[in-house]
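S.K.: Take a look at this one; I'll ask things after.
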Amino acid sequence: MRAIWKGAVSFGLVSIGVKLYSATEEKDIRFHQVHREDGGRIRYKRTCSVCGEEVTYDDIAKGYDIGGGEMVILTDEDFADLPLTSSRAIDVLEFVPADQVDPILYNKAYFLEPEGTATKPYVLLRDALIDSERVAIVKVALRQREQLATLRVREGVLLLNTMLWPDEIRTPDFGFLDEDLKVRPPELAMASSLIDSMTGEFEPDVFTDDYRAALQEVIDAKVEGREVVQPEEVEEAPAAAVDLMAALKASVDRARAARGEQPARGGGGGEPTPISSARSAQKAAEKKAAKAPAKKTTAKKTAEKKTAAKKAEPAKKTAAKKAEPAKKTAARKTAPRKSA
């Protein structure tokens with residue numbers, strides 16, 4: 001990597017000499033504009049709209065349009081006189097928790113490398129940031145522009161993230177924000193179930209730029225003189241009507257199928273969703289309420305039978321006692337007499 005800036009981090013009374021390196025790079029495949037017939041590069045000339053002459057870089061200045069066809073011209077001397085106190089310094093202003101910095105403010109990222117004998121104070125600031133769980137809010141001037149930035153630690157290296165100024169963030173002004181839209185609890189529960197079914201650990205290395213890979217394959221095939229055959233992709237037909245609950249349910253089933261789980265369908269396997277659990281509980285309560293009167297009637301009949309049985313028991317015993325002498329008398333009459 002090539003350093004694009006040299007300066008110092010001003011940390012209280014400590015000055016840490018550093019070099020600045022771009023921490024990111026674009027991987028887009030770039031093309032030149034060429035003449036279709038012979039492949040010649042297309043060149044653009046810098047010409048003046050007033051005199052029509054071609055202008056070199058040395059004769060180009062910056063102009064600010066104030067309207068009405070008037071232009072204010074600024075030269076390099078005008079920019080040199082601007083009070084950029086942090087032109088070669090990264091001034092630490094304060095330390096704040098990282099979660100207080102809205103990610104929308106972040107712009108570009110740069111690595112900081114200690115220069116010369118600044119390694120020890122560099123490591124001291126790095127370890128202090130890690131120990132305090134804070135990021136440093138700093139000001140720095142890059143390319144003749146003062147910028148707000150943060151200093152944090154990434155993989156043992158200080159990382160400078162330049163930020164946009166608050167007045168550079170647009171305010172969202174959309175009509176739906178003024179509408180009184182209500183989300184039903186079942187819809188919210190199903191959406192939460194979908195989020196749960198798609199939850200995982202973020203591993204950026206598993207994601208790839210499929211378009212760039214396919215485009216590179218086309219370029220390589222052109223160089224090698226071979227033909228690229230792309231497999232036909234079957235596109236799913238869009239749904240004719242939008243049913244939010246049905247779409248959420250289908251999304252949950254698809255997410256579970258992608259994970260190798262059973263979709264949560266009625267009567268099938270799989271874990272119940274909040275919606276299915278609530279419906280099952282409601283049905284169970286309705287069945288219980290419907291069976292309750294029948295159970296009471298049955299219990300009442302059973303109690304009546306027990307009472308009738310208790311009443312009938314003494315009568316049975318009395319009848320049995322009365323019948324016993326009669327049986328004995330009948331037995332005596334029936335017995336044969338012995339001969340003399």
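Bear in mind these aren't lab numbers, they're just calculated from the coordinates by the rules spelled out. This structure is a prediction, so every number in the text was calculated from the model and none was measured.
S.K.: Could you list which residues have their amide H under 5 Å from that of LYS108, counting only those 5 or more apart in sequence or on another chain, with H placed in the peptide plane?
M.R.: Placed amide hydrogens put THR162 under 5 Å from LYS108.
S.K.: Taking amide hydrogens as modeled 1.01 Å from N in the peptide plane, which residues meet the under 5 Å criterion relative to ALA141, leaving out close sequence neighbours?
M.R.: Correct list: ALA89, GLN147.
S.K.: Please go through the residue pairs LYS27/LYS108; LYS19/LYS120; LYS19/LYS108; LYS6/LYS62 and name each one whose alpha carbons sit more than 19 Å apart in this structure. Don't skip to the answer; put the middle values down first.
M.R.: Numbers: LYS27/LYS108 16 Å; LYS19/LYS120 15 Å; LYS19/LYS108 16 Å; LYS6/LYS62 26 Å.
Pairs exceeding the cut-off: LYS6/LYS62.
S.K.: Then there is this: With the Cα gyration tensor of the range 128-192 in hand, give its eigenvalues times 5 under a square root as the equivalent ellipsoid semi-axes, listed largest first in whole angstrom. Can you show the working numbers first?
M.R.: Details: eigenvalues 297, 97, 15 Å².
Ellipsoid half-lengths, sorted descending, are 39, 22, 9 Å.
S.K.: Now for a different question. The range 1-139: Rg/Rh from Cα coordinates, Kirkwood Rh?
M.R.: Numbers: Rg = 22.4 Å, Rh = 20.1 Å.
Value, to two decimals: 1.11.
S.K.: What is the distance in Å between the Cα centroid of the range 169-225 and that of the range 113-128?
M.R.: That distance is 39 Å.
S.K.: In whole Å and largest first, what semi-axes does the C-alpha gyration tensor of the range 89-178 yield when each eigenvalue is scaled by 5 and square-rooted? Before the final figure, lay out the partial values.
M.R.: Working: eigenvalues 170, 49, 20 Å².
Working through the eigenvalues yields semi-axes of 29, 16, 10 Å.
S.K.: Using θ = phi - 60° and the Karplus relation 6.51 cos²θ - 1.76 cosθ + 1.60, list the HN-Hα couplings for the range 57-72 in order, rounded to whole Hz, with x at every Gly or Pro.
M.R.: 4, 5, 9, 9, 10, 9, x, 10, 7, 9, x, x, x, 9, 10, 9
S.K.: What per residue convex hull volume, in Å³, do the alpha-carbon atoms of the range 133-232 yield?
M.R.: Working: hull volume 33.7 nm³, N = 100.
Taking only Cα atoms, the range 133-232 has a hull volume of 337 Å³ per residue.
S.K.: Could you estimate the translational diffusion coefficient of the range 6-81 from the Stokes-Einstein equation, with Rh from the Kirkwood formula over C-alpha pairs, at 37 °C and 0.692 mPa s, in whole µm²/s? Each step should come with its number before you reach the end.
M.R.: Working: Rh = 18.4 Å.
Approximately 178 µm²/s, per Stokes-Einstein.
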